[in-house]
1. Could you pull out the residue among Val13, Val25 that is under 24 Å from Leu107 (Cα atoms) and out of contact with any Lys or Arg (no Cβ under 8 Å at 6 or more places or on another chain)?
2. With the checklist (1) over 20 Å from Phe138 (Cβ atoms); (2) of a type in the set (Phe, Trp, Tyr); (3) open to solvent by less than 30 Å² (accessible area, probe 1.4 Å) in hand, flag the one item Phe44 doesn't pass.
3. Strands (runs of 3 or more DSSP E) wholly in the stretch 96-188 with at least 2 residues that are of a type in the set (Val, Ile, Thr) - which ones?
4. Please verify whether Pro42 is within 16 Å of the chain's Cα centre (by Cα) and more than 23 Å from Asp285 (Cα to Cα), treating the condition exactly as stated.
5. Need the failing condition index for Ser223 against (1) among the hydroxyl-bearing types (Ser, Thr, Tyr); (2) touching a Lys or Arg at 6+ places or on another chain (Cβ under 7 Å); (3) open to solvent by 70 Å² or more (accessible area, probe 1.4 Å), just the number.
6. Determine which single condition Ala114 fails, assuming it passes every other condition in (1) touching a Pro at 6+ places or on another chain (Cβ under 9 Å); (2) open to solvent by 10 Å² or more (accessible area, probe 1.4 Å).
7. Checking Arg26 against (1) modelled with pLDDT under 95; (2) buried (at least 22 other Cβ atoms within 10 Å of the Cβ), which single condition isn't satisfied?
Amino acid sequence: MLISQMFKRKPCVFSIECFPPKETVRFERMKDALRTMETLHPDFISVTYGAGGSAGGVSTVEVARFLKNELGVEPLAHILCMGSDRAKAAALLEELDEAGVRNVLTLRGDRTPARPESPDFHHASDLAAFVWQTKPEFDIHAACYPEGHPEAPSLAADVENLRHKQEAGASHLLTQLFFDNGKFYRFLNLARRAGITLPVSAGVMPIVRRSQIERTVALSSASLPSAFTRMISRWQDDPESLRKAGIEYAVNQMRDLIEGGADGVHLYAMNDPEVAVAVYEGIRDLL
């Protein structure tokens, strides 16, 4: 099923994100985690980019194929500009098509030494347009940043750039994680005023381990509201309490988003089925 159709059938779409393991021996464990997540009846599960192959690890296609064909869950496969070109992108789209996967999230991707700049796709909108031209039957999705992309001169400029993604065929936007719902509502208001009509899924990540604080929070560039920083300050040296508090914060955040009329809520579960279950239990009455 095309994910864009889901937003026409229910007031709030619930989704989860997973990432392919870097070692193939961990795939069976991941499958067990996905089986647990399937019991939560997510509308779709997005799969971050993993090359797999000779580089080791499991590919996005392998995980997406398992979700689609073994669990009957609609996958959203991430595809990147970085490290790709028209030939590689076309081959990946064919591989996804053969697996029955027709929902793709087009991203530029982070700049790393392992991923050279693409000669063909300088922006995610370029890749989206290529998918639209190559596989018009595919459903194209794109990312957005409630507080603006780190490289954008301003939030307003970044919102204006979403026009390119919309015009390139994107049918839905998925946000970077954030911790302050006020930032999301402000972004959404700016987007609607700028003529962005696409449904937007709000991305939430429960912070349940101290290691996530520096790595995830710093890399996301998300602002930290006082309620969040107080939680971290109080529980950062108490792992069990931090886990409970982090889940509670995410639940409260998602409940507010659902009640506030968000088109969708997207859980960055970090492949942790227990976290996914706990958050779902806290919001299931609203879905």
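The values are calculated or read from the model by the stated rules, or taken from the named source; none is laboratory data. Worth saying up front: this structure is predicted, and the values here are computed from it rather than measured. Because the Cβ atoms are built from the backbone with ideal geometry, glycine has one as well, and the counts that use them run over all protein chains shown. Heads up: the accessible areas ignore ligands, DNA and RNA and are worked out on the full protein's heavy atoms, side chains in. Shrake-Rupley method; radii C 1.70, N 1.55, O 1.52, S 1.80 Å.
1. On the way: Val25 fails: under 24 Å from Leu107 (Cα atoms).
Going through Val13, Val25 in turn, the sole match is Val13.
2. (1)
3. Working: elements: 103-107, 139-144, 170-175.
By residue number, 103-107.
4. Details: within 16 Å of the chain's Cα centre (by Cα): yes; more than 23 Å from Asp285 (Cα to Cα): no.
Here the answer is no, as Pro42 does not meet what is asked.
5. The one condition Ser223 does not meet is (3).
6. Exception for Ala114: condition (1).
7. Failed condition: (2).
Residues are listed down the side, and each one gets a yes or a no for (1) open to solvent by 20 Å² or more (accessible area, probe 1.4 Å); (2) at pLDDT below 95; (3) charged (D, E, K, R):
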site	(1), (2), (3)
Thr229	yes, yes, no
Ser233	yes, yes, no
Asp237	yes, yes, yes
Ser241	yes, no, no
Ala245	no, no, no
Arg255	yes, no, yes
Gly261	yes, no, no
Val265	no, no, no
